[in-house]
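Some notes on the structure that comes next.
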Amino acid sequence: MGTMAMMSSFILVTITLVIGREAWALENCLQEQARLRAQVHQLETRVKQQQVKIAQLLHEKEVQLLDKGEENSVIDLGSKRQYADCSEIFNDGYKRSGFYKIKPLESPAEFSVYCDMSDGGGWTVIQRRSDGSENFNRGWNDYKNGFGNFVQKNGEYWLGNKNLHLLTTQGDYTLKIDLADFEKNSRYAQYKNFKVGDEKNSYELNIGEYSGTAGDSLTGKFHPEVQWWGSHQRMKFSTWDKDNDNYEGNCAEEDQSGWWFNRCHSANLNGLYYTGSYTAETDNGVVWHTWHGWWFDLKHQWKKMLSEFRAGKSFASLGELLAPFENRNYLTGWGTWLPGSSEV
C-alpha cells in the first residue's frame, strides 16, 4: 500500500508539473503572440507614415519640376508688351518656336500657348495630340478652361474653348488641320473664317470655305445624305456632362471625348488615342472620315491619325499679303491645325 501511495503521489506530481509547464508555455506563447502583434502594428504604422512622407516628397518634387519646366519652357520676352496671339509675336521679330504668354484683346489674363514659328510663322497651337498621354474624355469645365501639358514641346493639350472664343473674335482667322497616320502619310484641311462662339452659345463652331487634301469632313458637304447628321458647321460643343448634340443619345459619352457633335460626327480629333488598328462598338478614335473613313461595322479596324489644329488671321488685301507677314495671326491646337502650326 505504501508503495502504491508513493507511486500515485509521484504520478500526480508529474502530471501537475506537466500541466503547469504546458500552461506556462501557453502563457508565454500568448504573450509572444501579443508582442509580435504589437510589433507588426507598430511596423505597419511606420510603413504608412513613410508612405505618406514619400507621397508628400514626390508631390513636392513633381511641383518643383513642373514649376522649373514652366519657367524654362515659357520664352521670356521681357514684358515689353502684351501680345494678342502668336502672329503678333512673330511679327515683332521673334522666330523661335516655343511656349509664350499671350493675352487676347478681351481676355482678363495672360495664358501660355505654343507658338509655331515655322511654316510661315506665327501659328498659335490650340490643340495637340502626339502620344495619347493626355486624357481627352473630360467634362465641360475642363474643355472650357483648357487642360494638358503646357510644358513640353510635344505635350498634348486643349487650349480651352474660352480662349478659342477670345482668340477668334479678334479678326478673321483661318483654321488649318494637319493630319498624319502611322504609315507617315499626311494630309491637311483648311477653313476660312474660323470662329468659336461664347459659352452662352455653347462655343458654337463656325467655319467658311474649305481647301486642302484631306477632304471636307467638318461640313460634311462630300455627301448630302451625310451632311444633315455628320456636319459640324454651327454645332454646339458637347461633353459627357453637357449634351448639346442633335442625337437622341449622348455622342460625347459614347465617343468618350468633347467635340462639336451633330448625330454624331464625320470628324472627331479629340477621340481616343489608339496606337494602331482597333475594334470598338463606336468609331471613338481620332476620325477624319474623308481620309480614313468611319467604321463599317462593329469589327471594322481603324488606323489612328495624329492631328493638330492651327488658326491664322486671314489677309484682307493683296497689299497686306505682300507685307512681311505684318498682320498674320495664327492659332494652333487640337489634333489638327490652325494656320500657323506645322507639327504633328
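The values are calculated or read from the model by the stated rules, or taken from the named source; none is laboratory data. Note that this is a predicted model, so its numbers are computed, not measured. Here Cβ is always computed from backbone atoms with ideal geometry, including for glycine, and neighbour counts include all displayed protein chains. Note: areas computed on protein heavy atoms with side chains; ligands, DNA, RNA excluded. Shrake-Rupley method; radii C 1.70, N 1.55, O 1.52, S 1.80 Å.
Structure notes:
- Residue check, GLU88 surrounded by 10 or more Cβ atoms within 10 Å (Cβ to Cβ), within 28 Å of the chain's Cα centre (by Cα), in a helix (DSSP H, G or I) and modelled with pLDDT of 80 or more: yes
Residue-wise test of (1) without any contact (Cβ under 8 Å) to a residue 60 or more places away in the chain; (2) under 19 Å from GLN256 (Cβ atoms).
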position: LEU77; (1), (2): yes, no
position: ARG81; (1), (2): yes, no
position: LYS103; (1), (2): yes, no
position: SER107; (1), (2): yes, no
position: GLU110; (1), (2): yes, no
position: ASP116; (1), (2): no, no
position: GLY122; (1), (2): no, no
position: GLY139; (1), (2): no, yes
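- The lone exception for ASN163 - which of (1) more than 19 Å from the chain's Cα centre (by Cα); (2) outside any strand (DSSP E or B); (3) more than 17 Å from ASN268 (Cβ to Cβ) it fails: (1)
- Neighbours by Cβ (under 6 Å, 6+ apart or cross-chain): first from the range 218-229, more than 13 Å from ARG263 (Cα to Cα); second surrounded by 15 or more Cβ atoms within 10 Å (Cβ to Cβ) and among the charged types (D, E, K, R): PHE222/ASP216
- Residues of the range 105-128 that turn out to be in contact with a strand residue (DSSP E or B) (Cβ under 6 Å, 6 or more places away or on another chain) and either within 19 Å of LEU269 (Cβ to Cβ) or not in a strand (DSSP E or B) (or both), as a count: 11
- Close pairs from the range 273-286: first farther than 12 Å from PHE182 by Cα and assigned to a loop (DSSP other than H, G, I, E, B), partner of a type in the set (A, V, I, L, M, F, W, C) and modelled with pLDDT under 75, Cβ under 6 Å, at least 6 apart: GLU281/LEU298; ASP283/TRP294; ASP283/TRP295; VAL286/MET305
- The single condition among (1) touching a helix residue (DSSP H, G or I) at 6+ places or on another chain (Cβ under 9 Å); (2) open to solvent by 50 Å² or more (accessible area, probe 1.4 Å) that TRP229 does not meet is (1).
- Hits in the range 248-267 - residues which are touching a Ser or Thr at 6+ places or on another chain (Cβ under 6 Å) and either in a strand (DSSP E or B) or open to solvent by 20 Å² or more (accessible area, probe 1.4 Å) (or both): GLU254, ALA267
- Top-ranked residue in the range 105-145 [being small (Gly, Ala, Ser) and crowded, with 22+ Cβ neighbours inside 10 Å; ranked as farthest from LYS195 (Cα to Cα)]: GLY121
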